Amino acid sequence: MNTITIAHLSDPHLPTEMSPPRLREKLNKRLFSDLSWKRRRRFLHRPEILARVMADIASAGVDMIALTGDLTNMGLPGECRHALRWLEQMPAPCTVIPGNHDTLVHDNWQQTIGLWQPWMGALPFPFVRRVGPVALIGVSSAVPTPLFRATGRMGARQTARLAGILHETGRQGLCRIVMIHHPPVPGLAIARKALRDPQLFAQSIAREGAEMVLHGHIHTSTLSSLPGPAGAVPVLGVASASARSDDPLRAAAWNRIAITPRDGGYALGVTRRFFPADGAAGTTQETIFE
């Protein structure tokens, strides 16, 4: 049977030497994010590394790219326009959800992440985008937070919609892959960066099930799980796609997810491609979930 391949990447924090934000744009939490970018983060998120990752994805010929947020550093309109131009050059169709850096403060939707609407499904969140028998379900955990916090939140209304979507797509026999920026498994993120209501997400998965959950945010490649009605649901995290690091778990990476219909269900194979700062490229052992 035909196999669908998904490229999962996250947190590119698009390196850019854009014009500095105007004073009125950064008299808020963005001021500290701007300082962080200038002093440290611009040396950690490198355009040449991101280019290697994207070239590798292009050569793999995937059916869809699943991007789990943090395209920007401060969520500025200029950054969001820069991200729009980057999305327009994607080597394959792409599905996007926002991250906490994309929603650092309250701002005009149409001038910021609303520019990425063509790479989302019908809103409100969660949305659904189909790739053959695969349903990519985009959740938004990205909300503006106080200074020195990067927490996320699902909320009761979005959780109720998620449960309904999981039920309907499950009834249709689709392979359900849920995208969320913050890791939904407690303990993966420190308290000031964690999802504030992970129990709501977990309850939806436990009741309705899913075939896989994808996340970013912690800039580390991880594999964990949540309980589902038919067993453990794999939860897959990935390092920042532009990260400069020699640590194999924090070096820039993407996950190649191969989905093959099998015996009334699906087999999902995951291969992680990572790119250490020393220039070498490595591949982890493929893992199969059935």
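The values are calculated or read from the model by the stated rules, or taken from the named source; none is laboratory data. Predicted model only: the values in this text are computed from it and were never measured. For neighbour counting, all protein chains shown are included, and Cβ atoms are generated from backbone atoms with ideal geometry for every residue, glycine included. Only protein heavy atoms, including side chains, enter the accessible area calculation; ligands, DNA and RNA are left aside. Shrake-Rupley method; radii C 1.70, N 1.55, O 1.52, S 1.80 Å.
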How big is the antiparallel share of DSSP beta bridges in the chain, given as a percent to the nearest 5?
-> 65
Would you mind getting me the FRET efficiency between VAL105 and ASP263? Use the beta-carbon distance for r and R0 = 41 Å, nearest 0.05.
-> 0.25
Correct semi-axes for the chain, from √(5λ) of the alpha-carbon gyration tensor and rounded to whole Å with the largest first, are 28, 22, 17
For the chain, what does -39500 (n - 2.57) per DSSP helix run (n ≥ 4), summed and divided by total residues, give at 222 nm, in deg cm²/dmol to the nearest 500?
-> -6500 deg cm²/dmol
Determine the sum of side-chain charges near GLY132: Lys and Arg each +1, Asp and Glu each -1, restricted to other residues whose C-beta is under 15 angstrom from that of GLY132.
-> +2
Hey, what D do you get for region 122-207 in µm²/s if you plug the Kirkwood alpha-carbon radius into Stokes-Einstein at 20 °C and 1.002 mPa s?
-> 160
Residue-normalised value, i.e. accessible area per residue, for region 200-259 at 1.4 Å probe, in Å², stands at 33
Considering only protein heavy atoms, what per residue accessible area in square angstrom results for region 44-118 with a 1.4 angstrom probe?
-> 37
Relative contact order (percent, whole number), region 247-290, Cα cutoff 8 Å, 6+ residue spacing | 36
For region 147-234, which whole percent of the accessible surface, found with a 1.4 angstrom probe, sits on carbon and sulfur atoms?
-> 55
Separation in nanometres of the label points that stand 7 Å from Cα toward Cβ, at PHE43 and ALA232 | 3.9
Amide H contacts under 5 Å for LEU214, restricted to residues at least 5 apart in sequence or on another chain and with H modeled in the peptide plane, are VAL178, MET179, ILE180, LEU236
Convex hull of region 240-290 built on C-alpha atoms - directionally averaged projected area, nm² | 3.6
Formal net charge of residues neighbouring ALA194 (Cβ-Cβ distance under 12 Å; K, R +1; D, E -1) | +4
Quick one: compute the contact order of region 78-130, relative version, from alpha carbon pairs under 8 angstrom and 6+ residues apart, as a percent.
-> 38
Could you grab the Rg to Rh ratio for region 25-179? Cα atoms only, Kirkwood for Rh.
-> 0.99
Between 0 and 90°, nearest 10: helix 198-208 axis offset from the chain longest Cα axis = 20
ALA51-THR283 FRET efficiency (beta carbon distance; Förster radius 25 Å; 0.05 resolution) | 0.85
Descending principal axes extents, region 134-290, alpha-carbon based, whole Å | 47, 45, 20
